[in-house]
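Let me begin by presenting the structure, written as structure tokens, before commenting on it.
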Amino acid sequence: MTIEAIEKEIIEEFELFGDDWEGKYEHLIDLGKSLPLIKEELKTEENIIKGCQSRVWLNSELINGKMVYTADADAIITKGMVAILVRVLSNQKPEDIVRAELKFVDVIGLKEHLSPTRANGLVSMINKMKTEALAFVN
């Protein structure tokens, strides 16, 4: 499935909640619970995403030409945020990740409904995932 197709799925999921941000936050928390967790031994300083208020670990690998991300966070909303990014970007080609505009973030209103520090953390997560992918672009 393409990045754009996954983004469309996420937009449709969040549209079900209308303007109910409590419902959207609950959905985000549920997404965090389904996150493929990073192995404990990969929860290292090198894998911590800088710029996040809470601790977020991200591991990336290139497997069969596609980026595979695993992550974890010590805060439930943050875990949902990284889960949604892993869902969109994992199992995609590095060049597609680097080019991805990730419009769904603005369409679902995620950034505007997060505290400024969480919104900055979201941007840091996106930047880290794109930087990791960039290392594999020829």
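The values are calculated or read from the model by the stated rules, or taken from the named source; none is laboratory data. Bear in mind the structure is a predicted one, so any value in this text is a computation, not a measurement. Positions of Cβ are generated from backbone atoms using ideal geometry, with glycine treated the same way; all protein chains shown enter the neighbour counts. These area figures cover heavy atoms from the full protein model, side chains too; ligands, DNA and RNA do not enter into them. Shrake-Rupley method; radii C 1.70, N 1.55, O 1.52, S 1.80 Å.
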Estimated [θ] at 222 nm from DSSP helical runs (n ≥ 4, -39500 (n - 2.57)) normalised by residues in the chain, nearest 500: -15500 deg cm²/dmol
Distance-filtered residues of the stretch 123-137 - backbone nitrogen under 13 Å, label point 7 angstrom along residue 93 Cα→Cβ: 137
Global geometry of the stretch 52-115, whether rounded, prolate or oblate, following the gyration tensor of its Cα atoms and the 1.5 cut on a/c: oblate
Cα-based helix-to-principal-axis angle, 21-33 vs the chain, degrees rounded to 10: 30
Spherically averaged projected area in nm², based on the convex hull that wraps the Cα atoms of the stretch 3-134: 7.3
Residues of the stretch 44-60 with amide N under 20 Å of the 7 Å Cα→Cβ point at residue 75: 44-59
Residues residue 37 and residue 112, FRET efficiency given R0 of 30 Å [Cβ-Cβ distance, rounded to 0.05]: 0.55
FRET E, pair residue 20, residue 46, Förster distance 22 Å, beta-carbon r, rounded to 0.05: 0.05
Estimated inter-spin distance, residue 64 and residue 11, nm [label 7 Å along Cα→Cβ]: 2.9
Total lysine pairs whose alpha carbons fall under 24 Å of each other in the stretch 1-62 (8 or more apart, or interchain): 6
Apportionment of accessible area to carbon and sulfur, the chain, percent (1.4 Å): 51
Probe 1.4 Å, accessible area per residue of the chain, Å²: 54
